[in-house]
Structure formats: structure tokens, C-alpha cells
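Just so it is clear, none of the values below were taken in a lab; they were calculated from the coordinates. Computed from a predicted model, the values in this text were never measured in an experiment. Please note: Cβ atoms are built from the backbone with ideal geometry, for glycine as well, and neighbour counts cover all protein chains shown.
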Amino acid sequence: MTDGREFRWLPHAGRRHAIPTELAAFDEGRTLCGIAVTVPNRPLPRIPDWCWPTCAGCDLAWRTSEGIPAYPRSGRSPSGKAS
């Protein structure tokens, strides 16, 4: 089941990477940052894999595809207030 988005997140190689939603178990594909992956046939454990940091390259590509400004936004503090 997808939520209408083109990409979903997958823990891989110590980071959370974005992959196309159409990739299913055993499919080979690429993350948004270009790393070759094979989708696992079963869900990965929630901890620690889903606690890994997000890949900066995938995050930027995902935000661009969704029309979301890059993070961190210039001129703003982490709290969202202008600096």
C-alpha cells in the first residue's frame, strides 16, 4: 500500500535511503542518491535500522520531487524561527 508518493524509505548501509515505491521484495533498483539495492523480502526490524540517519542525498532528491524546501532552510534556526 502506498500513500500516493513516488518514493518510500528503506534502511540500507547505515542510512535511511529513498527508493521508488513500485520496488517490491527481491526487486533490484537504485536509491535516489544512486546506490544499487535489492529490496528485502521481509520488513526490517524497527530498531535499530529505522533509527539510522537519513541519507542527505536521498533527502534532498525526495524534497525536490515533493516540492518541499531543502533542510535546513537558510535564515532559520532549528526551531523554525528567523535567525
Taking 0.36 nm per intervening residue step and subtracting the Cα-Cα distance, what contour gain separates Ala13 from Leu44 on full extension? 9.9 nm
Taking H placed 1.01 Å from N in the peptide plane, check which residues at least 5 places from Arg16 or on another chain put their amide H under 5 Å from its amide H. Thr54, Cys55
Using the basic label-point model (7 angstrom from Cα toward the beta carbon), what is the Ile35 to Thr21 distance in nanometres? 2.3
Table column - 3J(HN,Hα) (Hz), the range 15-21, Karplus curve with 6.51, -1.76, 1.60, x for Gly and Pro: 9, 8, 10, 8, 10, x, 5
Lys and Arg at +1, Asp and Glu at -1: neighbours of Ala36 with Cβ under 12 Å from its Cβ sum to -1
Counting only residues 5 or more places away or on other chains, whose amide H sits under 5 Å from the amide H of Glu6 once H atoms are built in the peptide plane? none
